[in-house]
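The values are calculated or read from the model by the stated rules, or taken from the named source; none is laboratory data. In this text, all values refer to a predicted model and were calculated from it rather than measured experimentally. Neighbour counts run over all protein chains shown; Cβ positions are idealised from the backbone, glycine included.
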Amino acid sequence: MRILIGLLILSSCSHISPSRWNPHRNVATQRVHAETLLALSREDRLPASPAPELGAKLSDLNKVKPGKFEVYVFPKMNTQNRKSKEVDEIYLGKPQVFEVSLVAENPCKQFINQRLFAQIKAGEAFPSELASTTKRCAVLEFTDLKLKKRSKGDLKLNDILVTRLFLDEDYKVYSIDRDIYESAGKTKTVRMLNVDSMDSSSGLSLFPIDLPIQKSSFELKNPKASFEKNLDGIAVYQIQKHHNRKFQVPDCAGGVMKFKDELGSPVTLGWCQNMPWPSFSENSRFLSVTQPLSVGVSR
């Protein structure tokens, strides 16, 4: 389970936004969080930023070409014989496509003090302390394109229509919203809040990609080489045939980061130099690849 401390489900029209639940009034929640904090402090896990080594700038999301971009997520499967404990081979299932769009990127204090994007309560998604800093923050939305293309009559109860991230320039995620389908014209918004002191959590484990932690093993290299074993010609063909016929695996200078998530599962990230978002991500269940990006003149 993600190291998240806030959860509120608000049934409403999609334009009505969530509010915070106060976990400090729940003794059981406090105890679980205290135990998790202790375990993480022993591991000395801190927030990460790829900026120093890779020149990644969150503000460059304003300059990404194309403006909206796609992430292709493959579920990992294997041909394990049920009578044997050995895994013969890992292969990738059909990719799921997420469209990534930037809602806004501004100084954090503008979201908090000026109440930008009040309809989604962006100001409450960031801690008030950020208002006294010079840091920049952003709101990103991830949309499942398969669900986006469906008519409302074909949507199912609890389909996740949008995942919304609230993060700062160090790629630390403070809050995650999910807009969940209930019925025609009606959604509920679930907001999850990361504990301020639990900086190792990106908030994305419920989503099949992740962001690095500071205690990552980092190596400058071409990221493609670390992922091409599984991201083979068959996987590329699936993307080209069903989603993007011009797709090519990103081939770039950059870096590879390896770490374990809070459940102890290995995660590997590949990040192209001077790009504002990782190009590859792999964990025990998924492998994802971002369509090749370029950074141009600000919109």
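Could you please give the count of residues in the stretch 244-257 that are assigned to a loop (DSSP other than H, G, I, E, B) and either farther than 21 Å from Phe218 by Cβ or in contact with a helix residue (DSSP H, G or I) (Cβ under 9 Å, 6 or more places away or on another chain) (or both)?
Looking only at the stretch 244-257, we keep the residues that are assigned to a loop (DSSP other than H, G, I, E, B), and these are 244-253.
Now restrict to residues that are either farther than 21 Å from Phe218 by Cβ or in contact with a helix residue (DSSP H, G or I) (Cβ under 9 Å, 6 or more places away or on another chain) (or both): 244-252.
Total meeting the criteria: 9.
The single condition from (1) over 16 Å from the mean Cα position of the chain (by Cα); (2) surrounded by fewer than 20 Cβ atoms within 10 Å (Cβ to Cβ) that Ile112 fails is (2). Suppose we filter the stretch 131-149 for residues that are among the charged types (D, E, K, R), touching a strand residue (DSSP E or B) at 6+ places or on another chain (Cβ under 8 Å) and not in a strand (DSSP E or B); how many remain? Total satisfying the criteria: 3. Note on the stretch 115-130: among residues that are under 23 Å from the mean Cα position of the chain (by Cα) and assigned to a loop (DSSP other than H, G, I, E, B), the one that is farthest from Ile239 (Cα to Cα) is Pro127. Of everything in the stretch 150-168 that is touching a strand residue (DSSP E or B) at 6+ places or on another chain (Cβ under 6 Å) and not in a strand (DSSP E or B), the residue that is nearest to Val103 (Cα to Cα) is Asp159. Can you confirm whether the stretch 126-138 contains a residue that is aromatic (Phe, Trp, Tyr), at pLDDT 90 or above, at negative phi and in contact with a Phe, Trp or Tyr (Cβ under 9 Å, 6 or more places away or on another chain)? Yes: the stretch 126-138 contains one or more residues that are aromatic (Phe, Trp, Tyr), at pLDDT 90 or above, at negative phi and in contact with a Phe, Trp or Tyr (Cβ under 9 Å, 6 or more places away or on another chain).
Exactly one residue among Ser294, Ser284, Ser226 is free of Cβ contacts under 8 Å to residues at least 60 places away in the same chain and either surrounded by fewer than 13 Cβ atoms within 10 Å (Cβ to Cβ) or more than 15 Å from Phe74 (Cβ to Cβ) (or both), and that residue is Ser226.
Just one of the listed residues (Ala56, Ala39, Ala104) is part of a strand (DSSP E or B) and either at pLDDT 95 or above or under 24 Å from Asp170 (Cβ atoms) (or both), and it is Ala104. Test Gly67 against the stated conditions and say whether it is at pLDDT 50 or above, within 19 Å of the chain's Cα centre (by Cα) and not in a helix (DSSP H, G or I). Answer is yes for this residue.
For Tyr171, the criteria (1) within 19 Å of Ala56 (Cβ to Cβ); (2) in contact (Cβ under 8 Å) with a residue 40 or more places away in the chain; (3) assigned to a strand (DSSP E or B) hold in every case but one, which is (3). Within the stretch 123-150, residues that are in contact (Cβ under 8 Å) with a residue 12 or more places away in the chain and under 16 Å from Arg164 (Cα atoms) sit with their Cβ atoms under 7 Å from residues that are of a type in the set (Asp, Glu) and assigned to a strand (DSSP E or B), at 6+ positions apart or across chains, in these pairs: Cys137/Asp168; Ala138/Glu105; Thr143/Glu99; Leu145/Glu99. The residues of the stretch 147-176 that are exposed (fewer than 10 other Cβ atoms within 10 Å of the Cβ) and of a type in the set (Asp, Glu) amount to a single one, Asp154.
For residues in the stretch 212-243 being in a helix (DSSP H, G or I) and in contact with an Asp or Glu (Cβ under 8 Å, 6 or more places away or on another chain), which is nearest to Gln291 (Cα to Cα)?
Lys224
Among the residues of the stretch 174-191, those that are farther than 29 Å from Ser128 by Cβ, in a strand (DSSP E or B) and in contact (Cβ under 8 Å) with a residue 60 or more places away in the chain comprise Glu182, Lys186.
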